[in-house]
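Below is one structure, written out as structure tokens, with a few remarks after it.
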Ligand code: NAD
């Protein structure tokens with residue numbers, strides 16, 4: 001059977017399962033969430049090893065950002081699932097009385113989840129936790145750029161989860177193209193905007209709704225009135241975790257000129273503290289995913305004023321935490337999403353200049369500000385449009401399942417995490433129930449004075 005044929009066959013099988021109603025019950029969903037939890041706990045070592053192989057992630061990083069993240073996501077979901085599944089009652093206007101109205105969340109059907117390589121397990125399974133909780137069947141397509149994680153998920157999932165309701169299709173562009181031919185009930189894509197457009201175009205053929213979790217250049221503004229040392233520590237953590245290959249990593253810094261020198265010194269000290277004097281050999285520091293990305297990121301340093309780092313280990317695909325000072329705005333490092341361990345630092349004369357700079361550019365996935373001034377913090381919240389805004393820290397909003405996660409404009413559409421994920425994979429069906437005992441004739445023809453009320 002050809003690959004396209006077998007993908008279509010898998011899709012039909014999942015559709016049939018959905019039609020039978022198996023995935024709709026609370027008991028099935030709960031049992032599957034339990035099974036996924038077991039998959040993660042019983043295979044923690046193998047999962048961390050796959051992440052080390054694909055991205056050189058340390059065990060701590062693999063745990064906190066992938067396996068542990070998923071376990072707490074599942075725990076939160078299990079805790080609230082019954083409540084989320086309940087219909088919510090709403091009021092009914094006088095014209096529809098006597099009657100009752102409510103909103104009943106219902107699963108969409110069979111959905112497609114296309115994952116990215118930078119957090120290959122989290123970004124494939126976290127959307128699945130939401131899809132599963134909402135009672136859907138799903139095909140998962142992990143990224144081919146993280147082959148060890150992809151292969152491990154393809155092996156483990158059929159061992160733990162209900163094979164009638166989930167399937168993993170491994171592969172790249174061709175397999176993705178075959179999948180995109182099918183009339184899924186929802187497509188959830190994580191990756192860059194170029195492929196995001198391909199996904200959306202393919203989805204349009206079947207009027208399939210999409211969630212696009214994309215990226216962009218997330219700015220980080222440093223006000224002179226801030227705790228510079230703590231700011232530097234948090235920026236270093238957020239930028240250089242996973243060697244900068246994080247969709248919500250601060251992409252570039254906008255720093256008030258009066259504190260640039262001090263901030264650079266603090267950044268350097270902090271890099272040293274977190275990764276040692278030789279970050280290229282630090283077991284806590286990840287590597288770039290492949291040669292293509294390595295060459296792309298190294299290119300960002302060319303003809304720039306490299307003020308921190310700049311060392312590379314070509315054979316190991318490692319690039320040290322690097323800061324380039326005041327690059328030209330038209331240079332690739334300021335035109336493209338960096339998605340790697342190079343950080344441009346642009347000096348600005350005021351935070352107002354920084355806000356103006358950010359507002360002139362496409363809406364990013366995250367916007368960061370370090371400032372002790374309430375008015376500046378409020379200005380950031382009110383004026384800067386981004387998927388998420390975080391004040392005096394980076395990336396930590398990911399740890400709160402009560403907050404939606406997703407982009408806006410060029411950084412994507414739709415959202416997930418916690419209840420927001422459940423809602424993304426549910427249709428909010430409106431239901432009205434009427435009774436027969438009273439029937440006002442006013443709405444029926446004829447609409448004249450001849451009308452009699454019964
Ligand atoms: P990638 O190369 O892993 O691609 C993502 C997925 O798209 C993969 O599964 C891949 O097989 C598939 N794909 C590739 N070409 C395709 C095609 N022609 N048709 C259909 N599918 C295709 O990921 P990437 O694009 O290198 O990821 C990096 C980008 O993803 C960055 O922009 C980053 O900011 C963004 N990202 C966003 C999030 C988020 O949650 N918003 C998370 C991680 C990464």
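Every number here is computed from the coordinates shown, using simple stated rules; none is lab data. Since the structure is predicted, the reported quantities are computational estimates derived from the model, not experimental observations. Please note: Cβ atoms are built from the backbone with ideal geometry, for glycine as well, and neighbour counts cover all protein chains shown.
Over the Cα atoms, compute the radius of gyration (one decimal) and Dmax (the largest Cα-Cα distance, rounded to a whole number) for the range 74-221, in Å.
In Å, with Rg to one decimal and Dmax whole: 18.1, 60.
In what sequence, highest mean first, do 394-400, 272-278 appear when ranked by Cβ atoms within 10 angstrom? Could the numbers behind the result be given before it?
Numbers: 394-400: 16.6, 272-278: 13.7.
Ranked by mean Cβ neighbours within 10 Å, highest first: 394-400, 272-278.
Would you mind listing how long the range 217-271 runs along its three principal axes, going by Cα atoms, in whole Å with the largest first?
Largest to smallest, the principal-axis extents are 30, 22, 14 Å.
Reported to two decimal places, what Rg/Rh ratio describes the range 354-421 when computed on Cα atoms with Rh from the Kirkwood expression? It would help to have the intermediate numbers written out before the result.
Values: Rg = 12.2 Å, Rh = 12.5 Å.
Rg/Rh: 0.98.
Principal axis lengths of the range 215-350 from Cα atoms, whole Å, largest first?
Extents along the principal axes, in whole Å: 41, 33, 25.
Roughly how tilted is helix 147-160, in degrees to the nearest 10 and between 0 and 90, from the longest Cα axis of the chain?
It is inclined by approximately 30 degrees.
For helix 228-240, what angle does its Cα long axis make with the longest principal axis of the chain, in degrees from 0 to 90 and rounded to 10?
Between helix and principal axis, roughly 70 degrees.
For residue 273 and residue 198, calculate 0.36 nm times their separation in residues minus their Cα-Cα distance, and state this gained length in nm to one decimal.
Working: separation 75, 0.36 × 75 = 27.00 nm, distance 4.27 nm.
Once the chain is fully extended between residue 273 and residue 198, it gains 22.7 nm.
For the chain, what is the calculated [θ] at 222 nm in deg cm²/dmol (nearest 500), taking -39500 (n - 2.57) for each run of four or more DSSP H residues and dividing by its residue count? Please report the intermediate quantities before stating the final value.
Working: 16 runs with 184 residues, N = 454.
Helix contribution divided over all residues of the chain: -12500 deg cm²/dmol.
Report, in cubic angstrom per residue, the convex hull volume of the C-alpha atoms of the chain. Let's see the in-between values first.
Numbers: hull volume 83.7 nm³, N = 454.
Hull volume over Cα atoms, normalised by residue count, gives 184 Å³.
Based on a Kirkwood Rh over C-alpha pairs, give the Stokes-Einstein translational diffusion coefficient of the range 268-342 at 25 °C and viscosity 0.890 mPa s in µm²/s.
Working: Rh = 12.7 Å.
Value of D from the Cα-based Kirkwood radius: 193 µm²/s.
In degrees from 0 to 90, rounded to the nearest 10, what is the angle of the helix 122-133 Cα long axis to the longest principal axis of the chain?
20
Could you tell me what a quarter of the Cα convex hull surface of the range 86-164 works out to, in nm² with one decimal place? Walk me through the numbers before you get to the answer.
Values: hull surface 28.7 nm².
Hull-based average projected area comes out at 7.2 nm².
Once you put a point 7 Å from the Cα of residue 53 and another 7 Å from the Cα of residue 261, both along the Cβ direction, what distance in nm separates them?
5.1
Can you give the extra length, in nm with one decimal, that the chain gains between residue 92 and residue 24 once fully stretched, where that is 0.36 nm per residue apart less the Cα-Cα distance?
Values: separation 68, 0.36 × 68 = 24.48 nm, distance 2.73 nm.
Computed gain between residue 92 and residue 24 is 21.7 nm.
Under a point spin-label approximation (7 Å from Cα along Cα-to-Cβ), what is the residue 12-residue 433 distance to one decimal in nm?
Distance between label points: 3.9 nm.
Binning at 10 Å from 0, report for the range 1-150 what percent of all alpha-carbon pair distances ends up in each bin.
All Cα pairs, binned at 10 Å, distribute as 11, 31, 30, 18, 6, 3, 0 percent.
Give the separation of the Cα centroids, the range 120-150 to the range 290-321, in Å.
Result: 30 Å between the Cα centres.
If you count the DSSP beta bridges with both ends in the range 219-399, what percent of them are antiparallel, to the nearest 5? Could you put the intermediate results ahead of the total?
Details: 5 of 24 bridges.
Of all bridge pairs located within the range 219-399, approximately 20 percent are antiparallel.
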